[in-house]
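Report on the following structure.
The values are calculated or read from the model by the stated rules, or taken from the named source; none is laboratory data. Just so it is clear, the structure is predicted and the values come from calculations on it, not from any experiment. In this analysis, Cβ positions are derived from the backbone assuming ideal geometry, glycine residues included, and neighbour counts consider all displayed protein chains. Accessible surface areas use protein heavy atoms only, side chains included; no ligands, DNA or RNA. Shrake-Rupley method; radii C 1.70, N 1.55, O 1.52, S 1.80 Å.
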Amino acid sequence: MSEKKNDKEQMMEKIVSLAKRRGFVFPSSEIYGGMAAIYDYGHYGTMLKNNIRDAWWKHMVQLRDDVVGLDSAIFMHPTTWVASGHVGGFNDPQVDCRKCKSRFRADHILEEFGVSADKQTLEFINAELDKLRAVGKLKCANCGSTDLTSAKTFSLMVKSNIGSPTDELKEENVVYLRPETCGGIYLEYKNTVDSLHLKLPFGIAQVGKAFRNEIVARQFIFRTREFEQMEMQYFLHPSVMKEKYDRWKDTRWQWYLEYGISESEIRWYKHEKLAHYASEAYDIEFNFKALGGFKEVEGIHARGDWDLSQHSKFSGVDLSYFDEKTGKRFIPHIMETSVGLNRLVLMFLDHAYQEEKAPTADGSEETRVVLKFDKRLAPVKVAVLPLSKKEDLQKVAKEIWNTLKLNFQTEYDETQSIGKRYRRQDEIGTPYCVTVDFETLNDQAVTVRDRDSMKQERIKITGLEEYLKEKLAE
Ligand code: GAP
């Protein structure tokens, strides 16, 4: 048990350190001491995140004729969250250590002891905690004290205010930062149908920020207080729910395989305890090395007609759909796919991270760290490296960079030894390094190094762009 914990902690440390050292992810507001569970994305992290987002959008919107896009506002009418049940109902059970003041999620404590507290009542959770307390097993994971409070509810909603600063305290000026992006999709359902003349079944997809006052702020970018979700709400007649649900489950599973995740790294988790309006809910879990096991990355939920019925009721606007074939009106049912973009950044970093033996320039061996991303997700596709800073090599290398950058995210780097530059590109996950050496001036060819095999090939400059295009599409 403790060995396993060490492995996962070490792995997490390696990923966090690489992410900072190489400009993927930084702790937010670090110069002021940081903010728990909030992160900033650096140059490479932003590009990696954008590539994952684009890969999702491509499969969810671009390649389909039944899903359209949306980008709705973070602020929404406050009644939205009353209708959805979030105000007053979006809570997590919290336990505090009276000795060291650490804070824990009670459901996570119970999970460690094999008790599922998913969607359970506070009474159930406290009864289970008391059983552990009675046999001395309820201990603070930080300081070991047994002096822990009972569980109480903690709202995850992040409050803000809109209006003049003097109105700040007025209740009518309170707005919430959305805790999930799907709320905007429900509110724009009618405008989308009316403007695009859509017929059921169809989906609306969006990517955007969401905010939750998470109790436990550990696990790097797995669980943060500000994060991005990629959600798709599929509107349909209930008679086709089962068929569409199964198809979407398969579609989402295949997406992970498409981008290099293997079948053994993911699994399904079936929710046994469902919200009263839901008929089915499954999560896709990924086996994180840095978290020591399978954890949720995406939820696929059959939500019934709850969302549109509630918003119809609270807004007074009819959100029913008229089926021309049957001549009947009904409130569409919804199935959703919902995934955290930042959580996928961690998943792909975790999956791509490898340590391998590699030869050094002087013939000995060293350990190289390499991020073996799917080439489409890699932040930089090609690095152009002149062997030395000699002017004639720089000139050719800059010309190559100027051509390649029009087509691929390309980086020019002439600092340090070539060995160190290869290691740096390995740690960024760049699939191809193009080296301009003295021979280039005679044979108008360059060496192209493959990130994964480290094999080098001599390629004529005239055919370089075509060669890389083919290689990157493999
Ligand atoms: N609309 C449904 C919904 O929001 P959820 O299970 O609460 O469902 C869906 O969230 C996904 O969003 C999760 O599977 C996870 O990937 C991501 N997510 C949720 N909370 C998160 C957080 N605090 N930090 C990062 N990602 C989060």
Q. Do we have GLU336 as open to solvent by less than 30 Å² (accessible area, probe 1.4 Å), of a type outside the set (Val, Ile, Thr) and under 15 Å from the mean Cα position of the chain (by Cα) here?
A. no
Q) Under 7 Å by Cβ, and 6 or more places apart or on different chains, what pairs join a residue from region 265-292 that is modelled with pLDDT of 95 or more and of a type in the set (Ser, Thr, Tyr) with one that is part of a strand (DSSP E or B) and open to solvent by less than 70 Å² (accessible area, probe 1.4 Å)? A) TYR269/TYR282; TYR269/ASP283; TYR269/GLU285; TYR282/ILE300
Q. Can you pull out the strands (runs of 3 or more DSSP E) entirely within region 162-275 that have at least 1 residues that are in contact with an Asp or Glu (Cβ under 7 Å, 6 or more places away or on another chain)?
A. 202-211, 226-236, 266-270
**Q.** Residue among GLY260, GLY292, GLY304 that is more than 20 Å from GLN354 (Cβ to Cβ) and of a type outside the set (Val, Ile, Thr)
**A.** GLY304
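Look at region 188-225 and say how many of its residues are within 14 Å of the ligand (Cβ to nearest atom) and among the hydrophobic types (A, V, I, L, M, F, W, C). Let's see the steps before the verdict.
Narrowing region 188-225 to residues within 14 Å of the ligand (Cβ to nearest atom): 203-225.
If we keep only those that are among the hydrophobic types (A, V, I, L, M, F, W, C) as well, we get 204-205, 207, 210-211, 215-217, 220-222.
So the count comes out to 11.
Against the definition (within 14 Å of the ligand (Cβ to nearest atom), more than 23 Å from LYS372 (Cβ to Cβ) and open to solvent by 40 Å² or more (accessible area, probe 1.4 Å)), how does ARG247 come out, yes or no? Even if it seems obvious, please write down each step before you answer.
Numbers: within 14 Å of the ligand (Cβ to nearest atom): no; more than 23 Å from LYS372 (Cβ to Cβ): yes; open to solvent by 40 Å² or more (accessible area, probe 1.4 Å): yes.
In short, no.
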Q: Would you check if there is a residue in region 417-430 being in the same structural domain as SER388 (by TED's automatic domain parsing), part of a loop (DSSP other than H, G, I, E, B), free of Cβ contacts under 8 Å to residues at least 40 places away in the same chain and in contact with a strand residue (DSSP E or B) (Cβ under 9 Å, 6 or more places away or on another chain)?
A: no
Q. Within the bounds of region 356-379, is there any residue that is within 16 Å of the ligand (Cβ to nearest atom) and either modelled with pLDDT of 95 or more or small (Gly, Ala, Ser) (or both)?
A. no
**Q.** Considering residues of region 276-294 that are closer than 20 Å to MET232 by Cβ and not in a loop (DSSP other than H, G, I, E, B) only, the residue farthest from the ligand (Cβ to nearest atom)
**A.** GLU280
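If a residue has to be open to solvent by 10 Å² or more (accessible area, probe 1.4 Å) and part of a helix (DSSP H, G or I) to count, how many in region 431-447 make the cut?
First pass over region 431-447, keeping only residues open to solvent by 10 Å² or more (accessible area, probe 1.4 Å): 437-439, 441-444, 447.
Going one step further and asking which of them are part of a helix (DSSP H, G or I), we end up with 441-443.
Result for region 431-447: 3.
Please enumerate the residues belonging to region 295-309 that are more than 13 Å from the ligand (Cβ to nearest atom) and open to solvent by 30 Å² or more (accessible area, probe 1.4 Å). Show your work before the answer.
Here is the first cut: in region 295-309, the residues more than 13 Å from the ligand (Cβ to nearest atom) are 304-305, 308-309.
Across region 295-309, the qualifying residues are ASP305, SER309.
Looking only at region 448-458, count every residue that is outside any loop (DSSP other than H, G, I, E, B) and open to solvent by less than 20 Å² (accessible area, probe 1.4 Å) and tell me the total. Break it down stepwise before answering.
First pass over region 448-458, keeping only residues outside any loop (DSSP other than H, G, I, E, B): 448-450, 456-458.
Subsequent filtering for residues that are open to solvent by less than 20 Å² (accessible area, probe 1.4 Å) retains 448-449.
The number of residues fulfilling the criteria is 2.
How many residues are among the acidic types (Asp, Glu) and open to solvent by less than 30 Å² (accessible area, probe 1.4 Å) if we restrict to region 200-227? Quick ask: steps written out before the conclusion?
So in region 200-227, the residues among the acidic types (Asp, Glu) come out as 214, 226.
With open to solvent by less than 30 Å² (accessible area, probe 1.4 Å) added as a condition, the list becomes 214.
Summing the residues that are among the acidic types (Asp, Glu) and open to solvent by less than 30 Å² (accessible area, probe 1.4 Å) in region 200-227 gives 1.
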